[in-house]
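Below: the structure, in structure tokens.
The values are calculated or read from the model by the stated rules, or taken from the named source; none is laboratory data. These figures come from a predicted structure and were not determined experimentally. Methodologically, a virtual Cβ is constructed for each residue, glycine included, from the backbone with ideal geometry; neighbour enumeration extends over all protein chains shown.
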Amino acid sequence: MSAVTVPSPPAPLTQPAARMTAEEFGLKHSGDHVEFMNGEVEAVPMAGGEHGIVTNWIAYYLTHHIVTARTGRVFATDTFVKVPTNDDPERVSGADACYVSYSRLAKGAVVPRGVLSVIPDLVVEARSPFDTWSAVIGKMLDYLRAGVPVVVILDPQTRSASVFRDQERQQIFEADDALTVPAGLPGLSIPVGALFA
């Protein structure tokens with residue numbers, strides 16, 4: 001009886017691509033209008049003029065408050081923020097505006113060029129004409145699950161601001177109200193209607 005030689009199974013032709021980290025994504029896509037979810041780069045539509053005005057005003061009011069209070073930094077206009085979740089630890093969202101206290105990112109510390117990996121104290125999202133409410137609420141929940149204490153959603157259609165905190169009810173501020181966030185930014189008071197002017 002002669003011996004039969006069984007060939008080894010063929011080696012795979014390609015290895016699966018290594019998954020990109022949030023930091024690699026930030027460096028590669030700086031300046032692009034994208035987010036990084038579940039290992040995939042997703043294009044985010046440009047929101048338009050109304051959205052630009054609203055995000056400009058919220059950044060202005062936050063910055064004005066921070067310059068006086070000297071408690072941290074404001075990041076504006078689609079800053080890449082790492083929003084790690086249990087099922088997606090490298091998730092990156094483009095925050096319309098966010099505040100990071102000096103207790104989270106020390107005064108004088110180097111600010112990263114790509115992704116902000118420090119969890120902000122406050123994130124603001126302005127609802128654009130392309131956003132569905134389910135997408136906006138999903139993003140808000142991701143921020144809260146990642147450890148952001150306060151999330152504010154601005155809605156130009158209803159001229160309102162909604163404040164969300166983990167384990168608390170939504171607080172709605174209408175156009176005639178003053179937006180306050182005592183847990184996130186004590187002393188902050190923004191006339192809601194002015195955000196939509």
Review point. If we keep just the residues of the stretch 132-150 that are out of contact with any Phe, Trp or Tyr (no Cβ under 8 Å at 6 or more places or on another chain) and without any contact (Cβ under 8 Å) to a residue 24 or more places away in the chain, which is surrounded by the most Cβ atoms within 10 Å (Cβ to Cβ)?
Key: 136
**Study point:** Odd one out for residue 92, checked against (1) among the β-branched types (Val, Ile, Thr); (2) out of contact with any Leu (no Cβ under 8 Å at 6 or more places or on another chain); (3) over 16 Å from residue 55 (Cα atoms); (4) surrounded by fewer than 17 Cβ atoms within 10 Å (Cβ to Cβ)
**Key:** (4)
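Only one residue in 118, 110, 81 is aliphatic (A, V, I, L, M), more than 20 Å from residue 183 (Cα to Cα) and part of a loop (DSSP other than H, G, I, E, B), so which one is that? Steps first, please.
Values: 118 fails: more than 20 Å from residue 183 (Cα to Cα); 81 fails: part of a loop (DSSP other than H, G, I, E, B).
Of 118, 110, 81, the one residue that is aliphatic (A, V, I, L, M), more than 20 Å from residue 183 (Cα to Cα) and part of a loop (DSSP other than H, G, I, E, B) is 110.
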Exercise for review: Sort out which residues of the stretch 147-197 are at pLDDT 95 or above, in contact with a helix residue (DSSP H, G or I) (Cβ under 7 Å, 6 or more places away or on another chain) and among the acidic types (Asp, Glu), and write them in order of number.
Suggested key: 174, 176, 177
Practice item. Examine the stretch 160-168 for a residue that is more than 19 Å from the chain's Cα centre (by Cα), within 15 Å of residue 136 (Cα to Cα) and of a type outside the set (D, E, K, R), and state whether such a residue exists. Key: yes
Review point. If you scan the stretch 60-78, which residues turn out to be in contact with a helix residue (DSSP H, G or I) (Cβ under 9 Å, 6 or more places away or on another chain) and either of a type in the set (A, V, I, L, M, F, W, C) or assigned to a strand (DSSP E or B) (or both)?
Key: 72, 73, 74, 75, 76, 77, 78
Practice item. Would you please name the residue that is farthest from residue 98 (Cα to Cα), looking only at residues in the stretch 169-197 that are within 20 Å of the chain's Cα centre (by Cα) and not in a strand (DSSP E or B)? Key: 170
Review point. Scanning the stretch 151-177 for residues that are closer than 21 Å to residue 52 by Cα and of a type in the set (A, V, I, L, M), which turns out surrounded by the fewest Cβ atoms within 10 Å (Cβ to Cβ)?
Key: 175
Point to revise | Subset of the stretch 95-117 (residues that are surrounded by fewer than 19 Cβ atoms within 10 Å (Cβ to Cβ) and either farther than 23 Å from residue 185 by Cβ or out of contact with any Asp or Glu (no Cβ under 9 Å at 6 or more places or on another chain) (or both)) | key: 102, 106, 107, 108, 109, 110, 111, 113, 114
Exercise for review: Tell me, please, whether a residue that is under 18 Å from residue 143 (Cα atoms), at pLDDT below 90 and in contact with a strand residue (DSSP E or B) (Cβ under 8 Å, 6 or more places away or on another chain) can be found in the stretch 42-54.
Suggested key: yes
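For the stretch 93-107, name all the residues that are of a type in the set (A, V, I, L, M, F, W, C) and in a loop (DSSP other than H, G, I, E, B). Walk me through it before giving the result.
Narrowing the stretch 93-107 to residues of a type in the set (A, V, I, L, M, F, W, C): 95, 97-98, 100, 105-106.
Hits for the stretch 93-107 are 105, 106.
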